[in-house]
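Just so it is clear, none of the values below were taken in a lab; they were calculated from the coordinates. On a predicted model such as this, the values are computed, not experimentally measured, just so you know. Methodologically, a virtual Cβ is constructed for each residue, glycine included, from the backbone with ideal geometry; neighbour enumeration extends over all protein chains shown.
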2 protein chains.
Amino acid sequence: MPTLSNYTYDEITIGQTATYSKRVEERDVLLFAAVSGDVNPVHLDADFAAGTQFGERIAHGMLTGAIISAALAMELPGPGTVYLGQSLRFRLPVKIGDTVTVELEVVEKKDRRQFVTLQCRARNQHGDEVASGSADVMAPRDKLEIERPAAPRASVEPSASAG
Amino acid sequence: MPTLSNYTYDEITIGQTATYSKRVEERDVLLFAAVSGDVNPVHLDADFAAGTQFGERIAHGMLTGAIISAALAMELPGPGTVYLGQSLRFRLPVKIGDTVTVELEVVEKKDRRQFVTLQCRARNQHGDEVASGSADVMAPRDKLEIERPAAPRASVEPSASAG
């Protein structure tokens, strides 16, 4: 049975790394539009997007932010992490079908409040950096190893009125 | 017919403001878990969440980031905006049923590359600040007024194996 575990503050070391990958599918872009409310046609309408500087539909920038946040919550430090802050620079568009891989590296620990700073880089399948930034978290005090919850089952379809 | 329009760089003034609200429903938390891959039980499992410092299920922090990104993309500057960067401080948890209202204010314009910086504050229905930060965007050069696309139709249910 798959489990989900964390690194406690005391276990975390400067220079520690983790990675987390997600392929961005058509459905992810539709789901992100539904959950954020950002229904801009550059994300949803292929004909419109063809006329933009991007030439094709692109994922929402903050979808990469969501993937970075999942890397922190699922991998390093993992469950029990309290998210304090995030900076992001969006460097290249993510296109449908791209695989985004987040690389995390611990760069600072502040013992007094168990704060940890992690450098975050997101790359596409060609190795190009699509986003980067820095995350501030409060790391878990207690070790946790739990059954890994299955993802909610989502389905989505474009609105009939699109186009 | 509802339309979606933008403010071009030339139309944008320092001090200009906009707001954007979204009520965070159970389904939004499930959708965000599905799209990000963050299936931590503090978001999905009421029994688990009751034993945490939050006492109940909370929304993913970056769901508020997604709502802020939608405010920029839908309201100010609106369609045609290129997202360059975002900083975020997560100040209070967002709970299921909370209404998040994003307040944007233009604080800087850089003519050479049409960059605009906006201060971003997200508050809950009690007026408490849940997140704040700063967004850097490239504002649209061209005026756009288009039919507002309908949101994709999403449905989601918890995984049967949860709990």
Peptides ranked, highest mean first, by Cβ atoms within 10 Å: ranges A:81-91, B:43-53, B:68-78: B:68-78, A:81-91, B:43-53
Net charge of neighbours whose Cβ lies under 15 Å from the Cβ of B:I68, counting Lys and Arg as +1 and Asp and Glu as -1: -3
Neighbouring partner chain Cβ atoms per residue of B:42-50, average, 10 Å criterion: 2
Cβ-derived FRET efficiency at R0 41 Å, A:A150 paired with B:S5, nearest 0.05: 0.50
Cβ-defined net charge surrounding A:K109, 13 Å radius [Lys, Arg +1; Asp, Glu -1]: -3
Net charge, A:P149 excluded, C-beta distance under 11 Å - Lys, Arg +1, Asp, Glu -1: -2
Neighbouring partner chain Cβ atoms per residue of B:99-111, average, 10 Å criterion: 0
Entries in A:K22/A:K143; B:K109/B:K143; B:K22/B:K95; A:K109/A:K143 that, when Cα-Cα distance is taken, lie over 21 Å: A:K22/A:K143
CD proxy at 222 nm, helix term only [per DSSP H run n ≥ 4: -39500 (n - 2.57); per residue of chain A; nearest 500]: -5500 deg cm²/dmol
Counting all C-alpha pairs of the protein assembly as shown, share separated by more than 30 Å (%): 30 percent
Compactness of chain B - radius of gyration and Dmax, Cα, Å: 17.4, 54
Other protein chain Cβ atoms within 10 Å, averaged over every residue that makes up A:24-34: 5
Estimated inter-spin distance, B:S134 and A:E105, nm [label 7 Å along Cα→Cβ]: 2.5 nm
